[in-house]
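Below is one structure; the comments refer to it alone.
Readers should treat all values here as calculations from the given coordinates under stated rules, not as data from a laboratory. Note that the coordinates shown come from a computational prediction; the quantities given were computed from them, not determined experimentally. Every residue, glycine among them, receives a Cβ derived from its backbone with ideal geometry; neighbour counts consider all protein chains shown.
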């Protein structure tokens with residue numbers, strides 16, 4: 001069941017996870033799509049969820065854990081509702097990306113790859129966002145924001161509060 005604030009209760013998550021395990025348990029190569037679906041349900045992959053997946057798929061936990069830690073798309077810790085990616089590519093670097101990152105980091109009170117305590121934001125750096133003409137650039141979720149200064153970056157993330 002979902003409450004007014006959008007949180008889903010544990011029993012609903014467990015039902016969805018069990019349905020996903022049932023859907024993929026007999027599918028060759030089903031581990032990765034199952035992990036993706038589980039991460040969509042929980043927002044990350046807790047140890048207990050990976051253990052359930054391993055048991056349901058009939059594979060060792062070490063294999064599941066190995067896949068999760070190999071692919072950067074999977075996360076072992078809770079992440080924020082808003083994912084902020086600050087580009088650190090050459091064009092962005094030359095145009096002040098480190099100052100943009102520092103401004104956002106200070107505003108949120110988190111370091112690189114950190115998540116705010118209220119789970120609103122996760123702050124990451126990326127090698128390149130492919131928008132060099134707009135450098136320095138950051139993405140908030142799927143939205144690209146360019147020609148940033150530290151103040152513009154902070155003002156931008158405030159719109160996501």
Every residue from region 56-114 that is in contact (Cβ under 8 Å) with a residue 12 or more places away in the chain, exposed (fewer than 13 other Cβ atoms within 10 Å of the Cβ), over 21 Å from the mean Cα position of the chain (by Cα) and not in a helix (DSSP H, G or I): 58
Residues located in region 32-45, provided they are touching a residue at least 24 places away in the same chain (Cβ under 8 Å) and either part of a helix (DSSP H, G or I) or in contact with a strand residue (DSSP E or B) (Cβ under 6 Å, 6 or more places away or on another chain) (or both): 32, 35, 36, 39, 41, 42
Criterion violated by residue 29 - all others in (1) assigned to a helix (DSSP H, G or I); (2) farther than 17 Å from residue 78 by Cα satisfied: (1)
